Each structure stands twice: as structure tokens, then as C-alpha cells.
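Visitor: The structure that follows is given in the form of C-alpha cells.
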Amino acid sequence: MAKQRQVRMEQRGALAAMQALETKSDDELLRETRFKAAAQAILGARAAERYDATAARTHFRTAIAAARPQERLQLQRMANASLALAERRPDDLKRAVEALGQEAPSGRQLFLLRMMGLIAPPQNASTLMKARGFAIIAGIVLALLLVGFLLVELIALPFGGGVGIGGGLILGFLLVVLVLVVLTVLGRRRQKKALAARAGGGATLKK
């Protein structure tokens, strides 16, 4: 019983260290020596959020090597979830998150990750997969230009007719760019709010 209590206390200490280190910068985490395993795990998770699977794998290997034996299983599970995210593997991500005892990503989040895997495959993907991603992006761009052109033509109808193919394509392109800029700004605001909420509650590493 005493040994079990000691293990639980050490596990709580590791989790507490990870939560305390979340606010530190990457450079500070790289210099961390007292809680090296926790610092490297956070760096691995951050690399995974940037979809840098190579860096994430390196950090988690260091974290597992520096961790106590009773902490390594949990760190391995964290590594599995982070690498599944970085490599755009939605099914593996769902299983890995559930193995951590956390709520699995929503169907919408998994769908978006799957689409990202098609459009921007990981670095170790085959040439065929990368070519497919390029073709999908080109198709999306052409579709957006067509939609923008049709919207411009539709808007111009009450004013006496269309604007021509050349003018319509240019105005349609500008319209699409404007819409994408607005969506990007709104998306970044939502992302900042989500990151602020996560930093305040330590939701990601609490479990």
C-alpha cells in the first residue's frame, strides 16, 4: 500500500510539473533539467500541434528516456496521440486520446484532420500522395474562382448585365481573397481563445 501511494504521489507530481511548465517558452523548456521529461513532453505536444512529426517524435523519445518507469506508459500514450495528430491519422488519434482517458475529438474535428491529410500530407508521405494533395488544392482554387465569378455575375445582373469573363474572374478572385482573409482572422481569434482557455485550465495535460 505504501508503495502504491508513493507511485500515485509521483504521478501527481509529474502532472503538476507539466501544468506548471505549460506557460514557459520553448527555449525555457529546452533548458529545463529538473523536470526534463515533462518539459520534453510539452515540446513534443507543441511540435505535433505544428504538424512537425519529426520534432514531436524526437522530443517524446527524450521525455520517455528521462522519465521514471511508472511514468513512461502515460508518456507513450501521449506520444501516440500527438504523433497521430502530427501525421494526420484521425482514426489512430481517436484511439490514442481514448487510451489517455480523455474525450475523443468530435466527428467534425476528425473529418477536418482527414481532409488536411489529403490536402497537406505529412513529410514522410509518398510522392503520389503529395501529388494528389497538390491536385486537390488546384481543384479547390479553381472551384473558388468559379464560385467568385458566378457571385460577381449575379451581383452585376441588377446593374444592367455581366462584367465579362476577364473582369468577372478578377473581381471574383478579389472576392474570394476577401472572404478567405475574413475567415482566417476569425479562425485565429477562435484559436487564441481556445489556447487561452487551455492555458488557464490545463485541460490538455490534466489527465
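The values are calculated or read from the model by the stated rules, or taken from the named source; none is laboratory data. Bear in mind the structure is a predicted one, so any value in this text is a computation, not a measurement. All Cβ positions, glycine included, derive from the backbone under ideal geometry; neighbour counts span all protein chains shown.
Visitor: Look at the range 39-70 and say how many of its residues are under 29 Å from I119 (Cα atoms) and among the β-branched types (V, I, T).
Guide: Of the residues in that region, 3 qualify.
Visitor: When you look at L112, is it of a type outside the set (G, A, S), at pLDDT 80 or above, over 21 Å from R50 (Cβ atoms) and surrounded by 13 or more Cβ atoms within 10 Å (Cβ to Cβ), yes or no?
Guide: No.
Visitor: Does the range 46-66 include one or more residues that are hydroxyl-bearing (S, T, Y), within 15 Å of the chain's Cα centre (by Cα) and at pLDDT below 90?
Guide: Yes, that holds for at least one residue.
Visitor: Moving on to the next point. Just give me the residues in the range 53-82 being surrounded by 20 or more Cβ atoms within 10 Å (Cβ to Cβ) and among the charged types (D, E, K, R), in sequence order.
Guide: Hit for the range 53-82 is E71, nothing else.
Visitor: Let me ask another. Check L174, L169, L145 and return the single one that is modelled with pLDDT under 75 and out of contact with any His (no Cβ under 7 Å at 6 or more places or on another chain).
Guide: L169
Visitor: Please return the ranges of helices (runs of 4 or more DSSP H) entirely within the range 17-120 where 1 or more residues are at negative phi and in contact with a Gly (Cβ under 7 Å, 6 or more places away or on another chain).
Guide: By residue number, 53-66, 69-86, 107-119.
Visitor: If you don't mind, another one. Look at R190 and say whether it is at pLDDT 80 or above, within 20 Å of the chain's Cα centre (by Cα) and exposed (fewer than 12 other Cβ atoms within 10 Å of the Cβ).
Guide: It is false that R190 is at pLDDT 80 or above, within 20 Å of the chain's Cα centre (by Cα) and exposed (fewer than 12 other Cβ atoms within 10 Å of the Cβ).
Visitor: Which of the following residues is surrounded by 11 or more Cβ atoms within 10 Å (Cβ to Cβ) and modelled with pLDDT of 75 or more: A125, A156, A138, A131?
Guide: None of the other options fit; the residue is A131.
Visitor: Is there a residue in the range 28-43 that is closer than 20 Å to E98 by Cα, at pLDDT 85 or above and not hydroxyl-bearing (S, T, Y)?
Guide: yes
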